[in-house]
Amino acid sequence: VVTLPDGANVRVRPTRTSDAPLLQGLFFRLRPRDVLTRFFRRLSSLTLEHAEHLSSVGYDEEMAFVAVVGSQEAERAVGTASYFVDQETGLADVAYMVDPEWQGRGLGTALHERTVDYARRHGVRGFTADVLVGNEAMMSIFRRSPGSLEVVEEGDRYEVVLLLAD
């Protein structure tokens, strides 16, 4: 359980394949801009197959966490974090989704911290990410991360490389 700065509690746990419907529910609560910042294209739905892909991970070269609220029998996903490791570089491409009702409350930071901790313990050297220009919430999370940050603006997006501190 993670307590956010506003006192709200969320459970952050590894995803499992059966979480696909939870991820679909989260997707359908996202605003169009949130979908664009996560998937870099306008999507009207998240197919079950795509949701299963996002929630089925091997825990070594790929990892995903889901932040949930509610009882275990009636969980609701309010955020996710996932990464996929490039074996050649040891860097992982990372992405986040946060329910609009939970944005600005510290959930993205909490997910990022949990993801960094797990990645570091599993030999990941750092993260890469594409972040749309204007997504200052995500850039702020990267800027506050321990480690070495490199940001290059490429058109409508930033290419981010965060090397994790030891």
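The values are calculated or read from the model by the stated rules, or taken from the named source; none is laboratory data. What you see is a predicted model, and the numbers here were worked out from it, not measured in a lab. Please note: Cβ atoms are built from the backbone with ideal geometry, for glycine as well, and neighbour counts cover all protein chains shown. The area values use the complete protein model at the heavy-atom level, side chains included, leaving out ligands, DNA and RNA. Shrake-Rupley method; radii C 1.70, N 1.55, O 1.52, S 1.80 Å.
Computed quantities for the displayed model
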quantity: Taking the convex hull of Cα positions in the range 61-166, its mean projected area over all directions (nm²); calculated: 7.2 nm²
quantity: Within the range 90-166: Cβ-based charge dipole about Cα centre, in debye rounded to nearest 20 (Lys, Arg +1; Asp, Glu -1); calculated: 400 debye
quantity: Residue of Leu30, Leu48, Leu22 that the Gaussian network model of the chain assigns the largest fluctuation, springs spanning Cα pairs under 10 Å; calculated: Leu48
quantity: Ellipsoid equivalent to the range 14-93 - semi-axes via the Cα gyration tensor, in Å; calculated: 21, 17, 11
quantity: Accessible surface ranking that places the most exposed of Tyr59, Tyr158 first, with a 1.4 angstrom probe; calculated: Tyr59, Tyr158
quantity: Cβ-placed point charges (K, R +1; D, E -1), dipole of the chain about Cα centre in debye, nearest 20; calculated: 540 debye
quantity: Charge-dipole axis of the range 1-120 as Lys and Arg at +1 and Asp and Glu at -1 on Cβ define it, positive-most pick from Leu30, Ala20, Leu54; calculated: Leu30
quantity: Solvent exposure ordering (accessible area, 1.4 Å, most first) of Met138, Met63; calculated: Met138, Met63
quantity: Euclidean distance between Cα centres, the range 9-28 to the range 36-86, Å; calculated: 6 Å
quantity: Heavy atoms of Thr109 accessible to a 1.4 Å probe, total area in Å² rounded to 10; calculated: 40 Å²
quantity: Cα centre as origin, Lys/Arg/Asp/Glu Cβ charges: the range 124-166 dipole, Debye; calculated: 240 debye
